[in-house]
Amino acid sequence: MTSLLKRWLSNGLLIILCWCCLNAPAVAQSKETNQQPSYKIALFAPLYLDSLFTDNNYRYSTKFPRFVLPGIDFVQGAQIAMDSIFAFKEKIDVTIYDSKSKSKPLSSLISSKKLDRYNLIIGSVKDDEFLQLAIFAQEQHIPFVSATYPNDGGVTENPYLIIANSTLQSHCEAIFSMLLQNHGADNIIHVRQTGAQEDRVAGYLNALNKPDNKPLLSIKTVTLDSNFSNIKKSLDSTRKNIIVGGSLDEEFVTNIAAAIQSLKKKYNITLIGMPNWNGFSVFSADKKEAIKDLPFLYTSPYFNNKTDVNSKKLQEAYLQKYKGYPSDMAYKGFEMIYLFADVLLNHSTDFTAQLNHPSTTIFSTYHFLPVYRSKKTSVPDYFENKHLYFIQRLNGINTKY
């Protein structure tokens, strides 16, 4: 072990990585009762251990690569949740796996039946790893909670898949519901550019607006690939204008925001964006290219002002263990373990039926519903969190709307 790695280990920065290298349980059996834990959870996160080390030597000199931080933070938050709840230590055993491992890939864990012994799988995974775990969960009848991936991956008839981070379709459903309830008399404009993602958003909104081929709302669709100032032609100076930005592309959103900023003094405008707009530089507080004093609304399954009891518990433990402050991914790891371990402990025989009955709310409110793509089947394609917050972002600050 290099001296650099020893220094990092002494600061607690790579402890999680060592646990994952050994696939060691995050929580051991109770010393007081000397009983084996009743339930086993497999926790997957992208830690990229094989990319960090070559022949046991750390590859990045004095740097810590940013691409590993989300996975590490997720696992650290989960570990703090396990450490902070006595009942979990008594009855639950968590093993951490690197979803990006090359030496022990997910496919080999499945084929060797090493995952068959688990009662629950929680994963901050996406793409191929998501699909592999979803298929495995379906075949083995083991619940799989997809913690952070806002996608169903095309999975069907899989009642063992639970999606916590709501899909784009659910976000569009929430936006349309708000429009229908609150803005039926307003001038509603759907602004988009040419593109496949934009087609998806448009398809969701059109399907919601025309369930029987008759529109419930009058919605203008404006496609702008250039000359963004042309949005002015669709505005009404005598009514409230609701602009729904139907794109996930940052450059397009930046251009639309600039155009709206120049018009908002003359027109009453409410801007509604997609869930990923929260991370765009144009709406930040400290970027040179940011547009000031332009509020917009977006939907999110997560809202946490970080002042509650559980947040303080996480902050204090994180500061003590890792000499810093938890990122949003640490909060998600903490919440996912806390929430679903609680359901497992109290409702192991009917886990999916009791998803909405944890003993406590951790940070955000969740409401899981079965999703059926086809009316011809009685088997859910998956369960998905359908509770979404509307959040207003202004000058880099988020507030619940």
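What the table below lists for this structure:
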quantity	calculated
Scope the stretch 250-287; condition small (Gly, Ala, Ser) and either out of contact with any helix residue (DSSP H, G or I) (no Cβ under 9 Å at 6 or more places or on another chain) or outside the structural domain of Asp225 (by TED's automatic domain parsing) (or both); matching residues	Ser284, Ala285
Count of the stretch 149-177 residues which are part of a loop (DSSP other than H, G, I, E, B), among the small types (Gly, Ala, Ser) and without any contact (Cβ under 8 Å) to a residue 40 or more places away in the chain	2
Qualifying residues in the stretch 321-353 (those that are buried (at least 19 other Cβ atoms within 10 Å of the Cβ) and among the β-branched types (Val, Ile, Thr)) - the one farthest from Asn398 (Cα to Cα)	Val343
From Lys332, Lys386, Lys400, residue being basic (Lys, Arg), touching a Gly at 6+ places or on another chain (Cβ under 8 Å) and either within 18 Å of Leu120 (Cβ to Cβ) or in contact (Cβ under 8 Å) with a residue 24 or more places away in the chain (or both)	Lys332
Members of the stretch 124-148 that are in contact with a strand residue (DSSP E or B) (Cβ under 9 Å, 6 or more places away or on another chain), in a helix (DSSP H, G or I) and either on the phi > 0 side of the Ramachandran plot or not polar (S, T, N, Q) (or both)	Glu129, Phe130, Leu133, Ala134, Phe136, Ala137
Qualifying strands (runs of 3 or more DSSP E) (wholly inside the stretch 287-401; at least 2 residues being among the aliphatic types (A, V, I, L, M) and under 20 Å from Ser170 (Cβ atoms))	368-371
Verdict on Tyr318 being in the same structural domain as Glu90 (by TED's automatic domain parsing), surrounded by 13 or more Cβ atoms within 10 Å (Cβ to Cβ) and under 18 Å from Ile122 (Cα atoms)	no
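The values are calculated or read from the model by the stated rules, or taken from the named source; none is laboratory data. What you are looking at is a predicted structure, and each value in this text was computed from that prediction instead of being measured. We place every Cβ from the backbone using ideal geometry, glycine too, and count neighbours over all the protein chains shown.
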